């Protein structure tokens, strides 16, 4: 039998198998980034179907870093209950779940957040990192947002 079906440990996290659902935007959160029942059910069904590790779609770590509508957020404490319910639902099915942390930088959807986008992106240079050419201190702000999600 293939090792894909065998349990494994990834950085201390026990997984039922080696099947991983890669981070994919679901578009199932509320306009405020809160997990919905539909999103929770989707994740639970993936675990029920045998996916050992689920990586959520990119969740924005600060409001001005939101990239798209109905994107999940992990930017403030109001998101905790929905994220907790989603994690619990996956765990009840024997799966594990991780959140992909994200900040859209200069590609942020300013119309959704009502805030200025952070980062510099222009014309033919779009493939460069949003952080390249940023004003001094912006790297520290991004790191602070990501670190805040880990508390």
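The values are calculated or read from the model by the stated rules, or taken from the named source; none is laboratory data. The structure displayed is predicted, hence computed values, not measured ones. Positions of Cβ are generated from backbone atoms using ideal geometry, with glycine treated the same way; all protein chains shown enter the neighbour counts.
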**Message:** Suppose the filter is buried (at least 17 other Cβ atoms within 10 Å of the Cβ), out of contact with any helix residue (DSSP H, G or I) (no Cβ under 7 Å at 6 or more places or on another chain) and in contact (Cβ under 8 Å) with a residue 40 or more places away in the chain; does residue 53 pass it?
**Reply:** yes
**Residue among 94, 12 that is over 26 Å from residue 113 (Cα atoms), surrounded by fewer than 17 Cβ atoms within 10 Å (Cβ to Cβ) and touching a helix residue (DSSP H, G or I) at 6+ places or on another chain (Cβ under 7 Å)** = 94
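With the condition being modelled with pLDDT of 75 or more, I'd like the helices (runs of 4 or more DSSP H) fully within the range 46-151 carrying at least 2 qualifying residues.
80-92, 110-113
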**Request:** Output yes when any residue across the range 25-44 is within 15 Å of residue 98 (Cβ to Cβ) and either free of Cβ contacts under 8 Å to residues at least 12 places away in the same chain or assigned to a strand (DSSP E or B) (or both), and no when none is.
**Result:** no
